[in-house]
1. Inside the range B:437-456, can you point out the residues that are in a loop (DSSP other than H, G, I, E, B), open to solvent by 10 Å² or more (accessible area, probe 1.4 Å) and away from ligand 1 (no atom under 12 Å from the Cβ)?
2. Kindly provide the set of residues from the range B:492-503 that are away from ligand 2 (no atom under 16 Å from the Cβ) and surrounded by 24 or more Cβ atoms within 10 Å (Cβ to Cβ), ordered by number.
3. Quick check on my filter: what residues within the range A:137-187 are more than 14 Å from chain B (Cβ to nearest Cβ), charged (D, E, K, R) and closer than 30 Å to residue A:27 by Cα?
4. Just for helices (runs of 4 or more DSSP H) wholly inside the range B:40-155: which have at least 3 residues that are open to solvent by 40 Å² or more (accessible area, probe 1.4 Å)?
5. Just to be sure I understand, how many residues within the range B:509-521 are part of a strand (DSSP E or B) and either within 14 Å of chain A (Cβ to nearest Cβ) or within 16 Å of ligand 2 (Cβ to nearest atom) (or both)?
6. Given (1) under 17 Å from the mean Cα position of the chain (by Cα); (2) open to solvent by 10 Å² or more (accessible area, probe 1.4 Å), where does residue B:414 come up short, assuming only one miss?
7. Being away from ligand 2 (no atom under 16 Å from the Cβ) and in contact with a helix residue (DSSP H, G or I) (Cβ under 7 Å, 6 or more places away or on another chain) is the filter here, so list the residues in the range B:431-446 that pass it.
8. Would you mind telling me which numbered condition in (1) within 11 Å of another protein chain (Cβ to nearest Cβ); (2) over 30 Å from residue B:261 (Cα atoms); (3) hydroxyl-bearing (Ser, Thr, Tyr) residue B:172 fails?
Amino acid sequence: MSGDTIAARPARALPGSGEHRRHVLVAVVQNRTGVLNRVASLMRARNFNIESLSVSHTDSDDVSRMTITIHGDEFHVEQAIKQLYRLIDVLKVQDVTDEPSVQHELALVKVRATDRNRGEIVSIVEMYRGRVVDLAPDAAIVEVTGTEAEVDALIALLRGFGIKELVRTGAVVMARGSASIEEATKR
Amino acid sequence: MTVTKGEGARSGTHSHVPDAGTPTAEAIEKARRDMLHQGRIEKRTRIGADVVCEALLRQGVDVIFGYPGGVILPLYDVFGDYPELRHVLVRHEQGAAHAADGYARSTGRVGVCLGTSGPGATNLVTGIATAQLDSIPMVAITGNVPGALIGKDAFQEIDITGITLPMTKHNYLVRSADDIAAVFAEAFHIARSGRPGPVHIDLTKDALQGETRAEHPDQEEVLARLPGFRPTLDGHPRQLKTVAHEIAKAKRPVILAGHGILIAEAWDELRELAEKARIPVAWSLLGIGAMDEDHPLAYGYMGMHGWKHVNRAIQSADLIIALGMRFDDRVTGNVKTYAPHARIVHVDIDPAEIGKNVAVDVPVVGDVRRVLAALLPLVAPVDHEARASYMEQLAEWRRDSEASSWHGSGTWRNGLLSADYVVERIGALNDHDATMVADVGQNQMWTARYAGYRRPHSHLSSGGLGTMGYSMPAAMGAALGRPDKKTWAIVGDGGFQMTIQELATLVQDDIPVKIALLDNHKLGMIRQWQELVYANNYHSSDMVGPDYLKLAEAYGIPAWKATRPEEVDDAILAANAADGPALVWFEIASEQNVFPMMPAGKGLSDLLEEPGLEVDE
Ligand SMILES: Cc1ncc(C[n+]2csc(CCOP(=O)(O)OP(=O)(O)O)c2C)c(N)n1
Ligand SMILES: [Mg+2]
């Protein structure tokens, strides 16, 4: 344009760095009908990539808690948090990815077991602080809790015996220390 | 209703519930007492349907737009006991939702619409979605089958709360009469507070019929029930200082005024800021009316079909102050090339809008009126001198751009009537004070560009969803919301035929909407794209319509036809002079395009212009 005197600056930056990684969000929500549906619908409609979503009660009857793992850069996560806050039932959302926190999940694995290898299975499971919770003539159910990596590692070892069935809860998370997201009011 | 800055607006909730102690509040209370204690209701027990009516009256609702059906009949059974609640029977539930929307946009109050379960509810959906994308305060009420039948695929049962969930600010399924009072109080509070939006309430038939003694909660109880809904109203003081500093540094600042200015009733503060720091004001489609277009600092409509001079100013600005707008793609075009020299200050009440589409240098979350009121004292006045060369440049750009895209003569090629002229005359002959309700397509852009707006809430347009068929039903709501103003629906032949059935509503309820049908015998905007973007490959954009004079006559609506510029003024004046609704059929040039136009994917500097009228740069 003829009137311009200022040198063009580089193209306007789009929000976000593009460095995608896994983020863990904790959301404290009012325990009203449909709240899980609202959160799930929002994540789908706004194109956020959810890896896992777990819901549970808290110590208070009218409040539930969700742990949401999503994949994205810091812009996606910030948008996800802001969009979650637009839901009337959402009280508090926190990105605990980089906070010191306990992030655990539980897995149940039904693994093939014979008289010959049952002992081997038990000792592997014990190494991972898991336990055998059910035995059948040709199978065993193994229960393990731990970080995603720990659970992954045990599952990889059990695969050698033949996995018949597998279920994982997805991560549940709690920040370390005495601070409580449930006590904190919505920001 | 006159737009005043009442207590509600000051507290940032924009509540138009009459303030306690005002004559309206007293009248409502009295009517309610009369009903409750002096007979009418004592003859029978109080049921859920009564609570709905009480709640509506408590919220100051005076008109609702609806359509009956099986499960909502309990409500219609009690309406007769509440004559203060005017019910307008529409011809299609979509019309009810748009009418509630038009009522809301023209008044700033919450609009209410009503439909039955199943098809009644799904017919409301387009209107609810329209309200959602434009942040319109609305309460949409539907009936549903009795609670025991829910989930059984009962007759006319559909999971309507599942459908409206992603297109409402919040929604409720109410299964008990005891919950109605609390839900309505919450719903109105949510609809009008913070960033407004539609709230949908689905009531089972047994909830409407159940007996109840439930009390209506007061505002404090409502707030206590909504711990997760606390909109931020005041801008952060440190951010405000930064904004003032940015303004002081800027040499080529531009204010972008959005819908937020109208919602927050911040037009005075906007003008004061513009005047104090001598900053030109551009506006988005929904920001039209935020600034009196005759004001020397009112620069114009921006974006895809905005004025070239306005887009030029944005592209060369060193500071953009965006107030209550959301950098929609129709405003920015390709974001990468958008306002390349500008730092951006963005004020919005919804934190999720900030940083969503463009990266922002100074974010401010808050109610734009409160933010501007707090900002104004911090802003250093800027004198004439300091802006002289900038203002000269802006004036020159404006002259260029108006010369390149204004068909002031009234005719397009071959002497055919040009649409911009029609719209310009409707604006002028109504002293730019009528409520102008656009439809979607070329007519919408002509209405935005050429009518001339001097008053807030005088331009209504479906911006976010772009809903054809919006204009006439929305105008119905606007005419009832602002009976002190003339209401003109500006509509294309395509959009008119989408909700044409509401003509009968205008007649039955004697709603004085004046309709300007801009008939180009085309889906004009589609034709324009097929010409300019799809290399003249026309398909399905030709439209046959009825003889609209006969049609109007069949409905009992006076109508006029104008095909030449000389006939335009008389037709407009005749329609204005008619009591009640009237139609003017303008047969306009079929192939006139809206220019400038920013093709999809392009930026604000890549505008297509009217061929042959290009100005040298
Ligand atoms: C409900 C709906 N369907 C389709 C569209 C796509 N559309 C946008 S403009 C347009 C043409 C409108 O034609 P008309 O109402 O005659 O207005 P004109 O552009 O001719 O002024 C269409 C089909 C839309 N916006 N809304
Ligand atoms: Mg048309």
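The values are calculated or read from the model by the stated rules, or taken from the named source; none is laboratory data. Model, not experiment: these values are computed from the prediction. In this analysis, Cβ positions are derived from the backbone assuming ideal geometry, glycine residues included, and neighbour counts consider all displayed protein chains. To get the accessible areas, we keep the full protein, side chains included, count just its heavy atoms, and leave off ligands, DNA and RNA. Shrake-Rupley method; radii C 1.70, N 1.55, O 1.52, S 1.80 Å.
1. The initial filter retains those residues of the range B:437-456 that are in a loop (DSSP other than H, G, I, E, B), namely B:439-441, B:451-456.
Next, only the ones that are open to solvent by 10 Å² or more (accessible area, probe 1.4 Å) stay: B:440-441, B:452, B:454-456.
If the condition is that a residue be in a loop (DSSP other than H, G, I, E, B), open to solvent by 10 Å² or more (accessible area, probe 1.4 Å) and away from ligand 1 (no atom under 12 Å from the Cβ), then B:452, B:454, B:455, B:456 are the ones that fit.
2. Going through the range B:492-503, the residues away from ligand 2 (no atom under 16 Å from the Cβ) turn out to be B:501-503.
Selection gives B:502 alone.
3. Matches in the range A:137-187: A:143, A:148, A:150, A:152, A:168, A:176.
4. Numbers: elements: B:48-58, B:73-79, B:93-107, B:119-133.
Counting at least 3 such residues, we get B:73-79, B:119-133.
5. Of all residues in the range B:509-521, those part of a strand (DSSP E or B) come to B:513-519.
Restricting the remaining residues to those that are either within 14 Å of chain A (Cβ to nearest Cβ) or within 16 Å of ligand 2 (Cβ to nearest atom) (or both) gives B:515-519.
Count: 5.
6. Going through (1) under 17 Å from the mean Cα position of the chain (by Cα); (2) open to solvent by 10 Å² or more (accessible area, probe 1.4 Å) one by one, residue B:414 breaks only (1).
7. From the range B:431-446, those away from ligand 2 (no atom under 16 Å from the Cβ) are B:431-437; that's our starting set.
B:435, B:436, B:437 - these are the residues of the range B:431-446 that are away from ligand 2 (no atom under 16 Å from the Cβ) and in contact with a helix residue (DSSP H, G or I) (Cβ under 7 Å, 6 or more places away or on another chain).
8. So residue B:172 meets the others, but not (2).
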